[in-house]
Amino acid sequence: TSATLFLEASQQNVHQGKSTAEKESNQTSSVQKSSSSKPKYQWQIVWRNVFAFLYVHTAAVYGFYLLFNGTRFYTFAWSMAIMVISALGITAGAHRLWAHRAYKARWPLRFFLMICQTIAFQNHIYEWVRDHRVHHKFTDTDADPHNAKRGFFFSHMGWLLVRKHPDVMNKGKTVDMSDLENDPIVVWQKRLYLLLMPLCTFIIPMWVPCYFWNEKPLNSWYVTMMRYAISLNFTWLVNSAAHIWGMKPYDKSISPVENKWVAILTAGEGWHNYHHVFPWDYKAGELGFYKMNWTTLFLDTCARFGLAYDMKTVPTDVIKKRSGRTGDGTWDHHNIEEAR
Ligand code: ST9
Ligand code: ZN
Ligand code: ZN
């Protein structure tokens, strides 16, 4: 009868109301405390990513163990070579070329860097660049995808484990991406990413040791996981450590710092205070210290062969003036190392 229907309906409402309340009370435990003036918003954990990264990191530790227990040396050397190549795809490719347009590249170099970037599995170029441009435009705010104000863990990997803050989407819309939409290599990679990425990141790197020097498939798999986990963590250090520990010779009002260790581990991407002040410099640092910036060495070599051109950089007097005006006083062109 209609009376029972009504009763059932209202009971359902009560039930639904309760479960929503329960959900909310569960979530309040993970409410993010942002600066007191800002309204609180709720984290939404993406469990798929939590489990995926847990697996990658656990498998990486086992891969490390296997390195000393039955893995062939060639397999180790191969995975290190793959790591270096994938790093170039991120530093020279996604970062300096596509995100910042710090130089121009002929199509064979663009194609090579696109493949390298695919090996790194850090999302396709278009998505990587969009997040990165939004990071530069809205650094240290809620619209920054890996806002360093939310602490080491969030800016390191936590931001990949939760849904993005609404500001990232809303303010992110103001970033122009038309140059990438007009680059056929970027568009092609985006379209085929779900096919290309597993091949380039996992299947081919794992198959080569098995086929060419009879590596055990499981050894090859876990060492591949180790290579991927290391390259992710090194990259993430730019967003975490290089926004926390170091000097600010160029602009003391922003969180990015100069961090030598991050530069060493990321092929030259640790000179992050400079990079945020002069993002269009193809060196991503003031000094082309090849020792700690071999991405610059790679790009200079490409330029010598005509594959890269229009390399943008910043004259020292401009840097000097800017440092004098906004730096923390540690800038010194000649003994910048001692100052650190
Ligand atoms: C990874 C990336 O690790 C690492 C980047 C590091 C960058 C470092 C930079 C430093 C310099 C370089 C250093 C190199 C050193 C190399 C050394 C190597 C040895 N703007 O994202 P969705 C909109 S990836 C504008 O799903 P959710 C947009 O409409 C690791 N709009 O948000 C979008 O739709 P569509 C592997 C934006 O649902 C929609 O929102 N990958 C923006 O909140 C939904 O977007 C993974 O683990 C924006 N910025 O999910 C996957 N963003 O795309 C991780 C979004 O259709 N990702 N919109 O246009 C995910 O699972 C999800 O993105 C999520 C957020 C759960 C994190
Ligand atoms: Zn940054
Ligand atoms: Zn950048």
Answer in debye to the nearest 20: the dipole magnitude of the range 64-139 about its Cα centre, from +1 Lys/Arg and -1 Asp/Glu charges placed on Cβ, is 360 debye
Assuming a ≥ b ≥ c are the square roots of the Cα gyration tensor eigenvalues, decide whether the range 46-148 counts as rounded (a/c under 1.5), prolate (otherwise, with a/b larger than b/c) or oblate.
oblate
Per-peptide average of other Cβ atoms within 10 Å, ordering 239-247, 145-153 highest first:
239-247, 145-153
For the range 98-246, the dipole about the Cα centre with charges only on Cβ (Lys and Arg +1, Asp and Glu -1), to the nearest 20 debye, works out at 100 debye
Please work out whether the range 145-208 counts as rounded, prolate or oblate from its C-alpha gyration tensor, where a ≥ b ≥ c are the square roots of the eigenvalues and a/c under 1.5 means rounded, while otherwise a/b larger than b/c means prolate and anything else oblate?
oblate
Indicate the gyration tensor shape class of the range 184-271 (rounded, prolate or oblate), computed on the Cα atoms with a ≥ b ≥ c the square roots of the eigenvalues: a/c under 1.5 is rounded; otherwise a/b larger than b/c is prolate and the rest oblate.
oblate
Sorting Glu215, Glu269 on the 10 Å Cβ count, fewest up front, what's the list?
Glu215, Glu269
Which of Leu113, Leu218, Leu88 comes first, and how do the rest follow, when ranked by fewest Cβ neighbours within 10 Å?
Leu218, Leu88, Leu113
Too long at a 18 Å Cα-Cα cut-off: which of Lys173/Lys248; Lys252/Lys312; Lys104/Lys312; Lys260/Lys283; Lys164/Lys248; Lys252/Lys321?
Lys173/Lys248; Lys252/Lys312; Lys164/Lys248
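Readers should treat all values here as calculations from the given coordinates under stated rules, not as data from a laboratory. Keep in mind that this is a model prediction, so the values were computed, not measured. Backbone-built Cβ (ideal geometry, glycine too); neighbour counts: all protein chains shown.
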